[in-house]
Structure formats: C-alpha cells, structure tokens
Amino acid sequence: MLVPIDASDDAATVLDPSLALMEEQILASWVVNAGVWTRAVRRGEILSRVRVTNGAVLQAIADCAPATLLDLGCGEGWLAHHCARQGIAVLGTDAVAELTAIAAEGAPAGASFRTLTYQQIAAGGLQQRFDMVVANFSLLGDRSLDELFAALSGLLSPGGSLLVQTLHPMLICADHPYEDGWREGSWAGFSPAFRTPAPWFFRTMESWVRLFQRHGLVVRELREPIDPLSGQPASVIFRATI
C-alpha cells in the first residue's frame, strides 16, 4: 500500500481524533480503493513510482541479495512478483483480502501471499524468518507501527535487513509544523475513481530514526532517491539491522 497523499497537496491538515479510529480509517480506505489502486499501479499511472521509487527500492533490495523476503503491505503484489522472478522466495502480506487475492492471481513461482494485519503479525501470526523485510510506502499508522517493529527481531534472519521506503518528511511537510502528528489524506493527482482518502501519521526524519532505535534496530544506510524532473527527493529509504 502506498501513502495516499500527493506531495504537492497543501490542504492536508493535522487531525486530533482517537488513535484507534485513525488506524481503522486507514484500513477502510484501502478496502474501498483496492480495485482502482490495482489498476493505477498496473497501468503506470503513478508517475513518481515509474520515474523513481520503484527502481530505487528494487535496487536497494538487489544490493543486499536476499534469498528470502517478506513484503509487508504488499498491495497488488508488484514488488513480490518482481523479486520472485529474480529467484527470491517471497511472502507478501496485506491487511486487505482483495489485494492479496489479486496479488496471488498469476503470481510467479516463489511468491506466496497471506492476508494479515500488522497487529496479527505482531501477535505472532508469522513463524518464518527472512533475509529481508520490506515495507514499501506501507507504514501509515502510529501505534500499529510500534507493535509491528517490536516483532521484527523475530522475523529477521541473523544478519537480515529491514528496508523501509516512505515519502521524504521534508517534501511532504508543506506548511505544517515539522512535528509528528496525524494528517488528513488526499487523492489529489490520482484518478477521480479513488474515494475516501485515508489519514496517515507524519513523522520527522528524527522520529523515523528513533522508531528504529526504540526497537533495537540500527539504521545502516539512508538513501534519498531524486526525481530527475523536480530535482527533489521523491522518497527516503532506510536500511536497518538488528
């Protein structure tokens, strides 16, 4: 799943309802938009992915040469499919059953999919260990991330890496204070078929690093893929190990 916010949208505002409600709204939005999201990805309608971020995360994976990989928030499965074709054994998980069903259709050998929420994974829903765990634009919440990160030590093989790609905090801060907090989502720049944008939790760069550190993960590498058209970072990629 991708952060449902357009980097140029200055209308996003900080929210203040209950944390549980925010997490529920994220999932509800992706249930509603699963089909239209799949079409947008497979037709190459999200230009920042085509130009920059898809290639950036795939290169970061290739540089680590994992034999096994967990794709957290796999969506319609594009990343899992690509990695499986490179000979990597991949498990993709997503909280939305329609997305994991779509991902499983026509999946190459070596790719499998399960419908699991981050809370279920944190509670021990996965018993395997992986050379690499990847979260590609799929970490949108607050409390759910703390629960998930607390379980990562049990999911990574010795010497394994966690790879997180997310929108660059400085790029998406817009006119709001540079501080952690819930923000409204927006489908600005996407197809009019998208509905009910999800809220998402904004983190500063420092806050991202502290999230890793809080759960015994050390950030070993940070990449900032640059969009050749704007000259601005399209995302930030963290690679961390236990």
Legend entry - Within the chain, percent of DSSP bridges classed antiparallel, to nearest 5: 45 percent
Legend entry - Alpha-carbon spread of the stretch 52-141, three principal axes, descending order, Å: 30, 26, 25
Inset, instruction - Set Lys and Arg Cβ to +1 and Asp and Glu Cβ to -1, take the dipole of the stretch 40-124 about its Cα centre, and tell me which of L79, F113, I102 lies farthest positive. - result: L79
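Given +1 on the Cβ of Lys and Arg, -1 on the Cβ of Asp and Glu, and no further charges, what dipole in debye does the chain carry about its Cα centre, rounded to the nearest 20?
Details: 17 positive and 25 negative charges, 149 e Å.
Computed about the Cα centre, the dipole is about 720 debye.
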Inset, instruction - Could you pull the Rg and Dmax for the stretch 30-86, using just the Cα atoms, both in Å? - result: 12.2, 35
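Quantify, in whole percent, the carbon and sulfur part of the accessible surface of the stretch 156-216 (1.4 Å probe; protein heavy atoms only). Don't skip to the answer; put the middle values down first.
Working: 1430 of 2710 Å².
C and S fraction of accessible area: 53 percent.
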Inset, instruction - Could you check which residue among D227, D63, D94 shows the biggest mean-square fluctuation in a GNM of the chain with a 10 Å Cα cutoff? - result: D63
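Loop sites only, by DSSP: take the GluC sites (Glu not before Pro) in the chain that have at most 16 other C-beta atoms within 10 Å and name the longest stretch containing none of them.
Values: sites that count: E45, E105, E179, E184.
Value returned for the longest uninterrupted segment is 106-178.
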Legend entry - Lys/Arg +1, Asp/Glu -1 at C-beta; the chain dipole; positive extreme among A62, N33, G44: A62
Legend entry - Rg and Dmax of the stretch 192-242, Cα atoms only, in Å: 14.8, 42
Legend entry - Residue-count net charge about W30 - beta-carbon cut-off 13 Å; Lys, Arg +1, Asp, Glu -1: -4
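Relative to the present Cα-Cα distance, how much length would full extension add between L47 and S230 at 0.36 nm per residue of separation? Before the final figure, lay out each step's value.
Working: separation 183, 0.36 × 183 = 65.88 nm, distance 1.22 nm.
Difference between extended and current length: 64.7 nm.
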Inset, instruction - Would you look at the GNM of the chain, springs on alpha carbons closer than 10 Å, and say which of G77, G231, G181 moves the most? - result: G231
Legend entry - Max mean-square fluctuation residue, GNM over the chain, Cα-Cα springs under 10 Å, options A65, A34, A103: A65
Legend entry - Accessible area per residue in Å² at 1.4 Å probe, computed on the stretch 66-161: 35 Å²
Legend entry - Gap separating the Cα centres of the stretch 80-145 and the stretch 158-229, nearest whole Å: 19 Å
Inset, instruction - State, in angstrom, two size descriptors of the chain derived from its alpha carbons: Rg to one decimal place and Dmax to the nearest whole number. - result: 16.5, 47
Inset, instruction - Please express the shape of the stretch 170-216 as an equivalent ellipsoid: the semi-axes are the square roots of 5 times the eigenvalues of the C-alpha gyration tensor, given largest first in whole angstrom. - result: 26, 13, 9
Legend entry - Convex hull of the stretch 105-242 built on C-alpha atoms - directionally averaged projected area, nm²: 10.5 nm²
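The values are calculated or read from the model by the stated rules, or taken from the named source; none is laboratory data. Here the structure is a predicted model, which is why all the values come from computation and not from measurement. Backbone-built Cβ (ideal geometry, glycine too); neighbour counts: all protein chains shown. Side chains included, ligands, DNA and RNA excluded: accessible areas come from the protein's heavy atoms. Shrake-Rupley method; radii C 1.70, N 1.55, O 1.52, S 1.80 Å.
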